[in-house]
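The values are calculated or read from the model by the stated rules, or taken from the named source; none is laboratory data. The model shown is predicted, which means the values in this text are computed figures rather than measured ones. As a convention, Cβ positions derive from the backbone with ideal geometry for all residues, glycine included, and neighbour counts pool all protein chains shown. Just the protein is used for accessible areas: all its heavy atoms, side chains included, with ligands, DNA and RNA removed. Shrake-Rupley method; radii C 1.70, N 1.55, O 1.52, S 1.80 Å.
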Amino acid sequence: VQLQASGGGWVQAGGSLRLSCAASGRTFSLRAMAWFRQAPGKEREFVAAISRTGRSTKYTDFVKGRFTISRDNTKNTVRLQMNSLKSEDTAIYYCAATKTQESWGTTVGDYAYWGQGTQVTVSS
């Protein structure tokens, strides 16, 4: 499966951005999806994940109440709505997918497929 992330850019603190990730193939609905991010000099870290059906989501503490992950299985797309952005949200954001039918998780090793990343820069 190939993942293509888009929607990154520059925004002032307090602003919003919406990231999208388009997946190829016919097995999108069989895969849990997630967003991770990586700031310069730091390890890639979990941001949010969504189950295969979209009924369940999980977030890391530092984005709860500000970010919302969603998916549209008819369009093979997962999105990350980011509100109330802070300078510390600046990073490259990556979408990721599990192998089919695998459980979702919060670590890099839980995901087999990765998009190319999209840069988000928040200016304070």
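Being aliphatic (A, V, I, L, M) and either loosely packed, with under 15 Cβ neighbours inside 10 Å or farther than 22 Å from A32 by Cβ (or both) is the filter here, so list the residues in segment 72-119 that pass it.
Selection gives L85, A112.
Could you list all residues from segment 84-101 that are over 13 Å from S29 (Cα atoms) and either in contact with a strand residue (DSSP E or B) (Cβ under 7 Å, 6 or more places away or on another chain) or among the aromatic types (F, W, Y) (or both)?
L85, K86, S87, D89, T90, A91, I92, Y93, Y94, C95, A96
Kindly provide the set of residues from segment 10-28 that are in contact (Cβ under 8 Å) with a residue 40 or more places away in the chain and part of a loop (DSSP other than H, G, I, E, B), ordered by number. Break it down stepwise before answering.
Within segment 10-28, the subset in contact (Cβ under 8 Å) with a residue 40 or more places away in the chain is 10-25, 27-28.
Scanning segment 10-28 gives A13, G14, G15, S16, S24, G25, T27.
Look at segment 54-70 and say how many of its residues are free of Cβ contacts under 8 Å to residues at least 40 places away in the same chain, within 13 Å of the chain's Cα centre (by Cα) and either assigned to a strand (DSSP E or B) or under 13 Å from A32 (Cα atoms) (or both).
Qualifying residue count for the region: 6.
Quick check on my filter: what residues within segment 29-53 are open to solvent by less than 30 Å² (accessible area, probe 1.4 Å) and assigned to a loop (DSSP other than H, G, I, E, B)?
Of all residues in segment 29-53, those open to solvent by less than 30 Å² (accessible area, probe 1.4 Å) come to 31-37, 39, 46-51.
The answer is R31, A32, A39, S51.
Mind telling me which of the residues S56, S24, S124 ends up being open to solvent by 10 Å² or more (accessible area, probe 1.4 Å), at pLDDT below 95 and of a type outside the set (V, I, T)?
Criteria check complete, one pass: S124.
Can you tell me how many residues in segment 102-124 are out of contact with any strand residue (DSSP E or B) (no Cβ under 9 Å at 6 or more places or on another chain) and assigned to a strand (DSSP E or B)? Explain how you work it out, then say what you get.
First, pick out the residues of segment 102-124 that are out of contact with any strand residue (DSSP E or B) (no Cβ under 9 Å at 6 or more places or on another chain): 102-103, 109.
Next, from what is left, pick out any that are assigned to a strand (DSSP E or B): none.
The qualifying residues number 0.
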